[in-house]
Amino acid sequence: MLAPADSSAYRKYAPDREFDLLHLALDVTPDFKARSVAGQATIRFKPIAKPLEQLKLDAVELAVETVTSSEKIATYQATDKQIIVTFEAAIPVDKETTVAVKYSATPRKGLYFRTPEMGYKATDMHIWTQGEPIEARHWYPCFDSPNEKFTSEVTCRVPSDMVVLSNGKRISEEKQAGSDLVAVRWLQDKPHVNYLICLVAGYFKKVEDKYRDIPLAFYTTPSEIEQAKYSFEGTKDMMEFFEKEIGVPYPWAKYDQVCVGDFGWGGMENTTLTTLNERTLHTPEFETLRSSQGLVAHELAHQWFGDLVTCKDWAHLWLNEGFASYYDLLYDRHHRGKDFFLHDLYSSAKGIIGQTDQTNAVVRRDYNEPEQQFGYQVYPKGAWILHMLRSQLGEDLYRKCIKTYVERHQYGTAVTEDLSAVIEEFSGRSFDQFFDQWVYHASQPDLAVNYSWDEKAKTAKVTIEQKQKLSDDVLLFNFPLTIRFKTKSGTVDRQITVKEKAEDFYFPLSEAPEVVRVNPELTVLAKITFSPSTSMLYAQLADKADMIGRLIAAEQLGSKKERGAVAKLKDALNNDSFYGVRTAASKALQAINTDEAYDALLASARQEDARARQQVLTDIATFYRERTYEHALKVAQEEKNPDLRAQALTIVGAYPKPEAGDVLREFLSSDSYKNVLGDGAVNGIRATGDANYVAPLLAVLKEREAQFTSGGFARGVDTLAQLGRHQQDKTAVREFLVSNVNHKKQRVQLAVLAALGTLNDTKAIAVLEPFAASTVEGPERTAAEKALTALRENRPASAELGSLRTEVLNLQKENRDLRKDLDDLKKKLEAVASPQTPPKKKSSSAPR
Ligand SMILES: [Zn+2]
């Protein structure tokens, strides 16, 4: 049923608090074999404002054994979603009451097992939990909403050689009489919200450090501990920086970070215990292509923004995510310098402007599930809103406002108005319009800028038009904007206020400017369309003091077929001091797309910074030519960086040559960190589209599964089906897929179900039907339904497109490394789809 648009069933608000939750105590015993948990949750609370007749707790699919209380209970009812306890007499206001629920659960969410039965290493066995946004209710009964803060404790009973981690301080560790279990008890004695409660237990090793008297530790499964230091090393410096920048000391007892297996997100900022996706781990051989700095800084910043001050409900989520994202960038400025900071801002603005959904405001209530709030509006746009506030207030006043905002709301919750109130109080200015246009309405200015010079009047004319489509969702913006004129005698900055649909601005100057820059310091989030003359762009590209100006000049020269552009861009690609300008120059040469540009790229492949090296390789690959193949083959064999070698293997696969096949087969079963090279070979094989690779790929998937990551194996399964569908006899592939249809790694299982659709063998219908008929709603059922539809319509699933879509979805949640893979893949597909020059020899075994 569709609820009316204004009803509370459609718009989401924080729930009532009928009682004040004082303390939650969990005592749980995981069963690693059965992948279940037995526990007791004890809550202490006081009714607020009126006597409490019933206590309602969120609890999904918990098997309740008993419910006991300090008050007399008349009855209790456990539904699939709630536990409702009815008291004999209503509990008076303010009367402290205890209720204990004894239960067991086989959680589908909230608590995740990583065990040998599922395909993980026995020596790496562990569990981890995830609360945000509303998963905790799957493993213990709770008040599962952020508008309530309370203290908590977690006791976990595990074999004595396991490590137990949770929030706060470790209080005790006691042998349990009559068993080999040990009970480890953790106490968070400062109030926090339910979604931040976390338990991680299993086999882990750690590296340690200390910042002031705060213990810092970084845990990984034993097999990954060698890599821990590369991700951990910045933590101490970040903590020192955040304390200074925020002006509020780190508020908690310790800070642990733990990498867990197949984490579904990048990281999670549980108080004192951040969980991280193990994909963040890396070795120095990946150079600048992999770093944990952004992720570690983001999660650490959350310990203040999100944990100490928490958004009151999901509508104000940007107060968590926008701050964490922005303080990650501020740390980058502190650590690597201003150009990196500006580059971060520039890239994030590009990402925001490129979004197709431009009608949802940062603060909105018309979402269906809290998960939907975790989009670009709260992360990069939230960060940009803070950056604009900082730009308008100045750094010192901004810092004073933020320190006060944190101090006023620490150990409590906040809404956007709490932030704006502090800013208005200290600045004396009205920020109503600022928050109205940027936070409560959607999108950003789309500016068309025109410039002309009147030599007689010695006046520059700049016309600015706001082209965004105005609606109930999107306003005409009012904001300060800087225009910078660079003349022979110096730099002139002029600030204007943009507020009209279109307006002309006149600037008297002593001489004609050589460069005109709009928004030079990136103080406004806006799409700016401004095309200076080629001579201005050349001057801009040569300006050593203006990195963003050089970058924009390089980008714009990519669209000019100007004869001199290639030489200028080649020079920038090889000599610019900032890697971001070098990569922009590479992309621009790719866009120019002439023989001359291609030669310039090939001649610039030896780049010291791996990011630039990667960009050049990516751009060369879009030219489908013999020399590209030769170059990629050389990179695959001689390059030291595993990510680049893997990328080269993908490129090589697009060329139907016998030697390419030898290289792919060799790398397919090679050993490398996280099987990066094996994955590269799988992608290369996928690019061949050649069913002759089914046999070697099938053999490697069968024999070397343990070498693959879950994601890599899933990709291998999908590739197998892609190639197998061209086979006459699909038996071997089908049988392999069917034998994995109950794979205990969800990611692999979903890939197998999808692959049965891709393979296009109707004999798989009977295998898929029971999954599709399941009464349990979940991704397995959806995957089976999709595969069945494809099979019944007797058409192969649009798997290339389908897998790209899936990747896009995964990528939004996963780390940046993967995003790069997708770009490569897209480039690859484009290259293959529209070859500039066909390869000289075409093998008959390469259908595409
Ligand atoms: Zn976050």
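The values are calculated or read from the model by the stated rules, or taken from the named source; none is laboratory data. For clarity, every value in this text was computed on a predicted model and none was experimentally measured. Methodologically, a virtual Cβ is constructed for each residue, glycine included, from the backbone with ideal geometry; neighbour enumeration extends over all protein chains shown. Only protein heavy atoms, including side chains, enter the accessible area calculation; ligands, DNA and RNA are left aside. Shrake-Rupley method; radii C 1.70, N 1.55, O 1.52, S 1.80 Å.
Consider region 311-325 and keep the residues that are within 12 Å of the ligand (Cβ to nearest atom) and of a type outside the set (Gly, Ala, Ser). The one that is nearest to Lys149 (Cα to Cα) is Cys311.
Out of all the residues in region 248-293, which are within 30 Å of Lys403 (Cα to Cα) and aliphatic (A, V, I, L, M)?
Val248, Ala253, Val258, Met268, Leu273, Leu276
Among the residues of region 355-374, the one identified as open to solvent by less than 60 Å² (accessible area, probe 1.4 Å) and without any contact (Cβ under 8 Å) to a residue 24 or more places away in the chain is Asp357. Would you confirm whether any residue within region 280-303 is aromatic (Phe, Trp, Tyr) and either open to solvent by 20 Å² or more (accessible area, probe 1.4 Å) or in contact with a Lys or Arg (Cβ under 7 Å, 6 or more places away or on another chain) (or both)? No, that holds for no residue. In region 420-462, which residues are among the hydroxyl-bearing types (Ser, Thr, Tyr) and outside any loop (DSSP other than H, G, I, E, B)? Across region 420-462, the qualifying residues are Ser420, Ser427, Tyr451, Ser452, Thr459. The strands (runs of 3 or more DSSP E) found entirely in region 119-217 that carry 3 or more residues being open to solvent by 10 Å² or more (accessible area, probe 1.4 Å) and within 19 Å of Thr310 (Cβ to Cβ) are 181-192. Taken over region 515-533, the residue count meeting the criterion of being surrounded by fewer than 16 Cβ atoms within 10 Å (Cβ to Cβ) and outside any loop (DSSP other than H, G, I, E, B) is 1. If you go through region 639-647 one residue at a time, do you hit one that is among the acidic types (Asp, Glu) and under 19 Å from Phe286 (Cβ atoms)? Yes - at least one qualifying residue is present in region 639-647. Restricting attention to region 340-365 and to residues that are more than 17 Å from the chain's Cα centre (by Cα) and within 14 Å of Thr523 (Cα to Cα), the residue that is nearest to the ligand (Cβ to nearest atom) turns out to be Phe341.
A single entry from Lys244, Lys229 fulfils the requirement of being farther than 30 Å from Ile402 by Cβ, in a helix (DSSP H, G or I), out of contact with any helix residue (DSSP H, G or I) (no Cβ under 8 Å at 6 or more places or on another chain) and away from the ligand (no atom under 16 Å from the Cβ): Lys229. Within region 660-687, being more than 15 Å from Gln637 (Cα to Cα) and open to solvent by less than 20 Å² (accessible area, probe 1.4 Å) holds for Asn675, Val682, Ile685, Arg686, Ala687. Find the residue count for region 349-390, including only residues that are farther than 16 Å from Ser325 by Cβ, part of a helix (DSSP H, G or I) and not aliphatic (A, V, I, L, M). Final tally of qualifying residues: 3.
Of all residues in region 577-618, those that are touching a residue at least 60 places away in the same chain (Cβ under 8 Å) and among the charged types (D, E, K, R) total 2. I need the full set of residues from region 57-68 which are surrounded by 18 or more Cβ atoms within 10 Å (Cβ to Cβ) and either of a type in the set (S, T, N, Q) or in a strand (DSSP E or B) (or both), in order please. Once the filter is applied, which keeps residues that are surrounded by 18 or more Cβ atoms within 10 Å (Cβ to Cβ) and either of a type in the set (S, T, N, Q) or in a strand (DSSP E or B) (or both), region 57-68 yields Leu57, Asp58, Val67. Out of region 74-117, which residues are of a type in the set (D, E, K, R), within 18 Å of Thr29 (Cβ to Cβ) and touching a helix residue (DSSP H, G or I) at 6+ places or on another chain (Cβ under 8 Å)? Once the filter is applied, which keeps residues that are of a type in the set (D, E, K, R), within 18 Å of Thr29 (Cβ to Cβ) and touching a helix residue (DSSP H, G or I) at 6+ places or on another chain (Cβ under 8 Å), region 74-117 yields only Arg114. The condition of being surrounded by fewer than 19 Cβ atoms within 10 Å (Cβ to Cβ), in a helix (DSSP H, G or I) and touching a residue at least 24 places away in the same chain (Cβ under 8 Å) holds for only one of Glu407, Glu321, Glu417, that being Glu407. No other residue among Ala41, Ala89, Ala49, Ala14 is of a type outside the set (Phe, Trp, Tyr) and open to solvent by less than 20 Å² (accessible area, probe 1.4 Å) apart from Ala41. Among the residues of region 324-333, the ones that are touching a residue at least 12 places away in the same chain (Cβ under 8 Å) and open to solvent by 10 Å² or more (accessible area, probe 1.4 Å) come to 3 in all. Screening Glu465 against (1) open to solvent by less than 60 Å² (accessible area, probe 1.4 Å); (2) touching a residue at least 24 places away in the same chain (Cβ under 8 Å); (3) part of a strand (DSSP E or B) leaves a single unmet condition, (1).
In the set (1) more than 16 Å from the ligand (Cβ to nearest atom); (2) surrounded by fewer than 19 Cβ atoms within 10 Å (Cβ to Cβ), Gly264 fails one condition alone, (1). Here Asp543 meets each of (1) more than 23 Å from Asp344 (Cβ to Cβ); (2) modelled with pLDDT of 95 or more with one exception, condition (1). Counting residues in region 507-514 that are part of a strand (DSSP E or B) and not basic (Lys, Arg) gives one or more.
Would you mind finding the one in Asp328, Asp307 that is within 12 Å of the ligand (Cβ to nearest atom), at pLDDT 95 or above, closer than 23 Å to Gln377 by Cβ and part of a loop (DSSP other than H, G, I, E, B)? After ruling out the rest, the residue left standing is Asp307. Evaluation of Ala253 against the conditions (1) modelled with pLDDT of 95 or more; (2) open to solvent by 10 Å² or more (accessible area, probe 1.4 Å); (3) within 16 Å of the ligand (Cβ to nearest atom) shows that the sole unmet condition is (3). Among the residues of region 281-295, not a single one is within 19 Å of Val474 (Cβ to Cβ) and either away from the ligand (no atom under 12 Å from the Cβ) or within 14 Å of the chain's Cα centre (by Cα) (or both).
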